[in-house]
Amino acid sequence: MTKSHRIPEELPILPVRDTVLFPGIVLPLTIGRESSLALVNSLEGDEKLMGVLAQLDPRVEDPGPTDLHSVGTLAKVHKLVRMPNGNMVAFLEGMERFRLLELVGMRPFLRARVEAIADVFVGPDAEREALKLNVIDVFREVVSRSPQLSDDLANSAAAISDPARLSDFIAGNMPSLSTETRQELLETADVDKRLQTLVRELSREREVLELRTKIQEQVEEQVGQSQREYLLREQLKAIHKELGEADDTVAEVEELRKKIEEAQMPAEARKECDRELKRLQKMTPASAEYMVSRTYLEWMTSLPWNKTSGTDDIDIAKAHVILDEDHYDLEKVKERILDYLAVRKLQPGAKGPILCFLGPPGVGKTSLGRSIARSLGRKFARISLGGMHDEAEIRGHRRTYIGALPGQIIQGIRRAETKDPVLMLDEVDKLGRDFRGDPSAALMEVLDPEQNVTFRDHYLDVPFDLSHVLFICTANWLDPIPEPLRDRMEIIELPGYTEEEKIHIANRHLLPKQAKDHGLKIGEQFEFTEEALREIIHSYTREAGVRNLEREIATLIRKQTRRIAEGATDKLVITPEVVREKLGVQRYRVEREVADRVGKAGVAVGLAWTPAGGDVIFIEATAMRGGRQLTMTGHLGEVMQESMRTALSWVRANAERYGIEPDFFRKHDIHIHVPAGAIPKDGPSAGVAMITALVSLLADRPMRPSVAMTGEITLSGLVLPVGGIKEKVLGAKRAGIKEVLLPAENEPNAKEDLKPEMMGDLKLHYVHTIDEVLALALGKFEPYKRPSAIPPGGRQQPAQPTFHQ
């Protein structure tokens, strides 16, 4: 079934932008183009008819045949109103759909031949009726929720019985429909399809309006709460004003604003502070967020964003004097610091190095950092990293956490009050790692000059420039430091002190410091003899540094302080006898210990490197009846156990050359032990001592007294170089050793690191092979002589080595 109205075959065409006119809809249009005005002025008679076609592109000023849609609406002009600016407003009523066949004229306005498009009804009437009712219901919901649509539209739509008129009415009164959707509805002749399209579009509009209503309600609720808080705050201000009390909140905000202005922070940090300050102004002081924002702003304004130490004029000679005053020796470290100062003097913008002082406890690593800061004229801050497990200790906690604070790096900068302090990261080798993160990984950004220019603390969440900070790390041991972190640092080793150096340090630094701390005067109330200091060093301390030495000196000075407090007036001269009287029994008698142990066969003295400096270790070997079993004890690592197996293999292969029965291992079990079993031990450097202990045992020849050795061994009998030569030699000297056997390839290290004054009467031997080691440690050997043949009628027992247990 179809329905159609009479329509002229030729019509004047009015192109319109972003507008679609539907049949049955009255629409006011503003007409301003010259061609459109000419069209309107040409209309005559009672029925002024024209065709309204929408443009494909609204930007086209003079549309042609290809710029217009092919389907439009026949419109009747009801009224024309001329505007003061020359434009006209035409009130048009849509009459009927038409299709453009061809244009028959372009000037002064468009004219075209058209044909009518009748509404088409294809589906069953019941289905169309259901669609119509559905459209009316959804349209009613849309009207009730939309602030732009009048409530009368729902009633008007419900009164329309014709489905075609209903679809045109709703489409013409829905401003939210896009121009493309409107044109699609106009071009659809099938009324059922038109209703289905409307149901889809109206349902989508209903969902949008529901969401909009929900959002609006939430906003109104928040705004209502904010207005309530605002009114209450205004009332509170009025109450304070009436009582003559100052508004603390306003004063705090103004004070923070002033601090932000004075902080001279970078643009990004300033922007973040301004944003946070605006939030703070809108909060009530009683809220938890108020204190979080206020604390954040206080941290931001207290940081030295642009404040330096002001030491542009660097005096290298003065810095050298300061370093010499505070520390004895340590020439390599002092030279490196003076080199850095020279670079800063010629290139002030140079990035600071990342130094790492590596050495045993008590050698002055931390105090050296203070001296460097004093020589540079900078502030000093120290951060202890020992036992730190949480990555947030370095980078800080995010502000979402209760009690959040910046990391230790930013806190150290704040304590120093300048952006270029000397920042000491103490005990970097003792960082931990667990489920909370890896602090050493966080340190990699801090200690990288290429990255720390924009270091971003989690709490601040803005970049902070750390490139001007002189970072100094300290460590007792290099192995626990991860390789990527180690690669970012310049390692400077601080070896242990010799006896002479300790005496110099005691006289120049420790004694004056302890005298000042205890309120006594050196020379007037007490005096230390050199022999007394040597007695303390030898018998009461066993260390690479001077920490225990200072502790024992303090103990002796306290004794004199107590005497003076009790009424004594005489000066106390501290001699070795006084030391033994006041400090009690000697704690270390290393020389006697070495002599007692080495006096037996099967014992050798090796040298070991420890985080506390070099030390002697004893390798003990014994044998018992059995066969082919090697026992190794003493809390040994895998590498050290392999060295013991290598030593036993070499001795078995070369037994006859040293007067040892070749089959000794077939008839005896060997047990090698390294005393101090509670202390873990590892490494290959005790290999020569293990061979010496085995040969000493099996040849029944004690090792020469006061001889110690170090070196890795091979099955071919070579002695390979090892590390820690300076520490090991100094440890041997502290233990009373007179001769030390070193690998020949370590000779350059020894000559560079060990000065003659350090050595004293200690003698060094450089060896290439195990044969040289045994010759120096045990003396010369006669080759093993096999037993002669058994004479007729006689019996002879095979020779057996004698073991001293």
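Here are the numbers for the structure shown:
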item	result
Axial C-alpha extent at least 15 Å, average Kyte-Doolittle at least 1.6 - helices from the chain (DSSP)	687-698
Alpha-carbon Debye profile of the range 158-228, log10 I(q)/I(0) at 0.13 Å⁻¹	-0.50
Whole-Hz couplings from phi, Karplus 6.51/-1.76/1.60, listed for the range 420-427; x for Gly and Pro	10, x, 8, 10, 9, 9, 7, 6
Sparse-neighbour loop sites [GluC sites (Glu not before Pro); the range 40-117; at most 11 other C-beta within 10 Å; DSSP]	44, 47, 61
Residue 129 versus residue 745: modelled label distance in nm, points set 7 Å from Cα along the beta carbon direction	10.6
Gain on full stretching of the segment that runs from residue 234 to residue 490 - 0.36 nm per residue minus C-alpha separation	86.1 nm
Label zone at residue 180 (point 7 Å along Cα-to-Cβ), backbone N below 14 Å, the range 50-75	56-58
Per the chain, cysteines lacking a partner by the 4.7 Å Cβ criterion	273
In order through the range 391-405: 3J(HN,Hα) via Karplus (6.51 cos²θ - 1.76 cosθ + 1.60), integer Hz, x for Gly, Pro	4, 5, 5, 8, 8, x, 9, 6, 5, 5, 8, 5, x, 5, 9
Pairs from 600/681; 582/738; 502/733; 521/571; 728/755 whose Cα-Cα separation, in the structure shown, is over 19 Å	600/681; 582/738
Cα gyration tensor, the chain - rounded (a/c under 1.5), prolate or oblate	prolate
Per-pair calculated FRET efficiency, R0 = 56 Å: residue 87 and residue 264 via Cβ, rounded to 0.05	0.45
Volume per residue of the C-alpha convex hull in the range 406-461, rounded to whole Å³	98
Net charge of neighbours whose Cβ lies under 13 Å from the Cβ of residue 363, counting Lys and Arg as +1 and Asp and Glu as -1	-1
Hull shadow area, averaged, the range 556-688 [alpha-carbon convex hull, nm²]	11.8
Viscosity 1.567 mPa s, 4 °C: Kirkwood-radius Stokes-Einstein D of the range 1-66 over Cα pairs, µm²/s	95
The range 493-617, Rg to Rh (Cα coordinates; Rh as Kirkwood inverse mean 1/r)	1.05
P(r) histogram, all alpha-carbon pairs of the range 1-115 included - 10 Å bins from 0, percent	14, 50, 31, 4, 0
Within straight-line cross-link reach of residue 667, aspartates and glutamates at Cα separation under 18 Å, skipping those fewer than 8 residues along the same chain	656, 700
Computed [θ] at 222 nm, helices only, for the chain once each DSSP H run of length n ≥ 4 contributes -39500 (n - 2.57)	-13000 deg cm²/dmol
Cα-Cα separations in the range 433-561 greater than 21 Å, expressed as whole percent	59
Residue among 425, 709, 31 farthest towards the positive dipole end of the chain, charges placed on Cβ	709
Among 74, 130, 509 the positive-end extreme of the charge dipole of the chain (Cβ point charges)	509
Placed amide H near residue 607: partners under 5 Å, 5+ positions off or other chain	617, 709
Spatial separation of Cα centroids for the range 696-738 and the range 141-209, in angstrom	102
For the range 324-436, fraction of C-alpha pairs farther apart than 25 Å, in %	32
At 0.692 mPa s and 37 °C, Stokes D of the range 636-717 from Kirkwood alpha-carbon radius, µm² per second	245
Over the chain, relative contact order from alpha-carbon pairs under 8 Å, at least 6 apart, %	8
Separation in nanometres of the label points that stand 7 Å from Cα toward Cβ, at residue 252 and residue 600	7.6
Label point at residue 628 placed 7 Å out along Cα→Cβ; residues across the range 650-668 whose backbone nitrogen lies under 15 Å	663-668
Residue 723 long-range amide H proximity, modeled H, under 5 Å	none
Whole-number percent relative contact order across the range 1-129, with pairs defined as alpha carbons under 8 Å at least 6 apart	34
Pair residue 513, residue 122: separation of 7 Å Cα→Cβ label points (nm)	10.0
HN-Hα J in Hz across the range 96-112 - Karplus 6.51, -1.76, 1.60, θ = phi - 60°, x for Gly and Pro	7, 6, 8, 10, 6, 8, 6, 8, 10, x, 10, 10, x, 8, 6, 10, 8
Cβ-derived FRET efficiency at R0 45 Å, residue 582 paired with residue 367, nearest 0.05	0.95
Dipole magnitude of the chain about its Cα centre (Cβ charges: Lys, Arg +1; Asp, Glu -1), debye to nearest 20	2920
The range 388-481: translational diffusion in µm²/s, Stokes-Einstein, Kirkwood Rh over Cα pairs, 10 °C, 1.306 mPa s	116
Cα-derived Rg over Rh, computed across the range 83-178 with Rh taken as Kirkwood radius	1.09
Potential lengthening between residue 554 and residue 47 on full extension [0.36 nm per residue; Cα-Cα distance subtracted]	170.4 nm
Chain lengthening between residue 667 and residue 225 when straightened (0.36 nm per residue, less Cα-Cα)	149.5 nm
Using a Förster distance of 35 Å, the FRET efficiency for residue 718-residue 430 (Cβ separation, nearest 0.05)	0.40
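Every number here is computed from the coordinates shown, using simple stated rules; none is lab data. Note that this is a predicted model, so its numbers are computed, not measured. We place every Cβ from the backbone using ideal geometry, glycine too, and count neighbours over all the protein chains shown.
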